[in-house]
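*Asks:* So that we are looking at the same thing, I have put the structure below in structure tokens.
The values are calculated or read from the model by the stated rules, or taken from the named source; none is laboratory data. Since we're looking at a predicted model, the values are computed, not measured. Neighbour counts run over all protein chains shown; Cβ positions are idealised from the backbone, glycine included. Heavy atoms of the whole protein, side chains included, go into the accessibility calculation; ligands, DNA and RNA do not. Shrake-Rupley method; radii C 1.70, N 1.55, O 1.52, S 1.80 Å.
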Amino acid sequence: MLPELKIHLETVLGTPILETNALRGGDIADSYLIKTSSNHFFTKTSAEPWAEQLFISESRGLKQLEATQTIRVPKVYAEGVFDGTGYLVLEFVESKRPDSGDFERLGQKLAALHLAVQPNKFGANFDNYIGHLPQSNAVEKNWVTFYIEHRLIPQILLARDKNLLSGDEIPLKENMEEVCKVIIGEVKPSLLHGDLWGGNFLIAKDGTPVLIDPSTYMGHSEVDLAMSRLFGGFGPSFYSAYHELIAPHPRQKELTDIYQLYYLLVHLNLFGSSYRNSVLTIVNRYFR
């Protein structure tokens, strides 16, 4: 961490920083454990032009999740920019390797989050990011409209512009709408984590599940489950505990494919052509 930023954070936190240790993990920011005489903080920094807005939206997402009083998130201490470097200072959560009981509690807590009463709309009152890609949360009354207009189409067009998909590989909007309406059906809005892969939750030392790195908005609860299945990392007790409170969708396998398409498109745009075949497999299976 740059000495000037360390001095700035001492002013923000109102206490001297005794030690800073670089941490592993994260593709889009540098991470540090900051120690003071009375507390430990987890801090992200980045000099990328999008960093300040990304950290602000992450802070808002964490506070949005916390407000439901259903599942723990790290406390937000500060976010801002100093001399061109964006930063986010959070509570440091000491974690442990999950066991079956921890996954069960995580499933119960995620279901409680998804069951929390929300406004009858999809999207959010602020835009955010998926990775470092902008993510529109423009409010829609219809879930299929929101998912196609503000999730699939922007990523498909970005992939086309990056020459990762050709024009004749892009499905017609009308085909996507027709298929999604049939498979998805009626949806009640839930507050979503929005990027629930295995690296975006922690189990605190006392066994409490903690969600990190959210990309929140109102959407279909099955989106979080689809993302959790994409790369694995969630034990079977997670799903059984979740479905004790929220029944599986009757067409969950097809729904999982359709919702994973968004995340595969994001990975295609972030990491390149290694995700192209996975994207085209789903596109051709459902939208051709």
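*Asks:* Straight-line reach from Lys173: which lysines fall under 29 Å, measuring Cα to Cα and dropping same-chain residues less than 8 apart?
*Replies:* The reachable lysines, counting only those whose Cα sits under 29 Å from Lys173, are Lys121, Lys141, Lys162, Lys181, Lys188, Lys253.
*Asks:* Further question: Students often check this: by mean Cβ neighbours within 10 Å, which of 139-152, 217-230, 165-178 ranks highest, and how do the rest follow? Don't jump to the answer; show the numbers that get you there.
*Replies:* Details: 139-152: 18.9, 217-230: 23.0, 165-178: 13.6.
Packing proxy ranking, top to bottom: 217-230, 139-152, 165-178.
*Asks:* Residue separation times 0.36 nm, minus the C-alpha to C-alpha distance between Asp83 and Lys63: what's the value?
*Replies:* Length gained, Asp83 through Lys63: 4.6 nm.
*Asks:* Follow-up. I'd like the carbon and sulfur percentage of the solvent accessible area for the chain, probe radius 1.4 Å, heavy atoms only, ligands and nucleic acids excluded.
*Replies:* Roughly 50 percent of what the probe reaches on the chain is carbon or sulfur.
*Asks:* Could you give the alpha-carbon Rg of the stretch 1-125 over 2.2 N^0.38 Å, rounded to two decimals? Present the calculation step by step, with values, prior to reporting the outcome.
*Replies:* On the way: Rg = 16.5 Å, N = 125, 2.2 N^0.38 = 13.8 Å.
Here the answer is 1.20, to two decimals.
*Asks:* If I take R0 = 22 Å and measure r between the Cβ atoms of Asp161 and Leu280 in this structure, what FRET efficiency does the formula 1/(1 + (r/R0)^6) give, to the nearest 0.05?
*Replies:* Values: r = 17 Å, r/R0 = 0.78.
Efficiency, rounded to the nearest 0.05: 0.80.
*Asks:* What length, rounded to one decimal in nm, is gained on full extension from Glu178 through to Ala116, with 0.36 nm per residue of separation minus their alpha-carbon distance? The partial results should precede the final answer.
*Replies:* Working: separation 62, 0.36 × 62 = 22.32 nm, distance 2.94 nm.
Extra length from Glu178 to Ala116 when fully extended: 19.4 nm.
*Asks:* Taking only protein heavy atoms and a 1.4 Å probe, what accessible area per residue, in Å², does the chain have with all protein chains in place?
*Replies:* Accessible area per residue, the chain: 47 Å².
*Asks:* Hey, what's the Cα Rg ratio for the chain versus the globular rule of thumb, 2.2 N^0.38 Å?
*Replies:* With N residues counted in the chain, Rg over 2.2 N^0.38 Å equals 1.03.
*Asks:* For the stretch 225-287 and the stretch 125-198, what is the centre-to-centre distance using only Cα atoms, to the nearest Å?
*Replies:* Cα centroid to Cα centroid, the span is 13 Å.
*Asks:* With contacts defined as alpha carbon pairs under 8 Å and 6 or more residues apart, what's the relative contact order of the chain in percent?
*Replies:* After rounding, I find 18 percent.
*Asks:* Which FRET efficiency value, to the nearest 0.05, do you get for Lys253 and Val12 by plugging their Cβ-Cβ distance into 1/(1 + (r/R0)^6) with R0 = 51 Å?
*Replies:* Values: r = 48 Å, r/R0 = 0.94.
It comes to 0.60.
*Asks:* If you don't mind, another one. If I model a spin label at Lys205 and Asp168 as a point 7 Å from the Cα along the Cα→Cβ vector, what separation in nanometres do I get?
*Replies:* The two pseudo-label positions are separated by 6.1 nm.
*Asks:* How large, in Å, is the stretch 142-288 by the Kirkwood hydrodynamic radius built from its alpha-carbon pairs?
*Replies:* Working: mean 1/r = 0.0619 Å⁻¹.
Result for the stretch 142-288, one decimal place: 16.2 Å.
*Asks:* What residue among Asn175, Tyr239, Ser46 has its Cα farthest toward the positive end of the dipole of the chain, where the charges are +1 on Lys, Arg and -1 on Asp, Glu, each on the Cβ?
*Replies:* The residue sitting most towards the positive pole is Tyr239.
*Asks:* Total Lys pairs in the stretch 1-81 closer than 15 Å by alpha-carbon, pairs eight or more apart in sequence or interchain only?
*Replies:* The result is 5.
*Asks:* Another question, if that's okay. Once the principal axes of the Cα atoms of the stretch 229-288 are found, what is the range along each, listed largest first in whole angstroms?
*Replies:* Taking the Cα atoms of the stretch 229-288, the three principal extents are 38, 26, 12 Å.
*Asks:* Here is a further query. Can you tell me which of 270-276, 197-203, 37-43 comes out highest on packing, and rank the rest after it, using the mean Cβ neighbours within 10 Å?
*Replies:* Working: 270-276: 13.3, 197-203: 18.3, 37-43: 14.9.
Result, highest mean Cβ count within 10 Å first: 197-203, 37-43, 270-276.
*Asks:* Right, something else. About the Cα centre of the stretch 195-256, how large is the charge dipole given +1 on each Lys and Arg Cβ and -1 on each Asp and Glu Cβ? Please answer in debye to the nearest 20.
*Replies:* Dipole of the stretch 195-256, to the nearest 20 debye: 160 debye.
*Asks:* Then there is this: Gaussian network model of the chain, Cα springs within a sub-10 Å range: biggest mean-square fluctuation belongs to which of Leu158, Leu113, Leu211?
*Replies:* So, out of Leu158, Leu113, Leu211, the one fluctuating most is Leu158.
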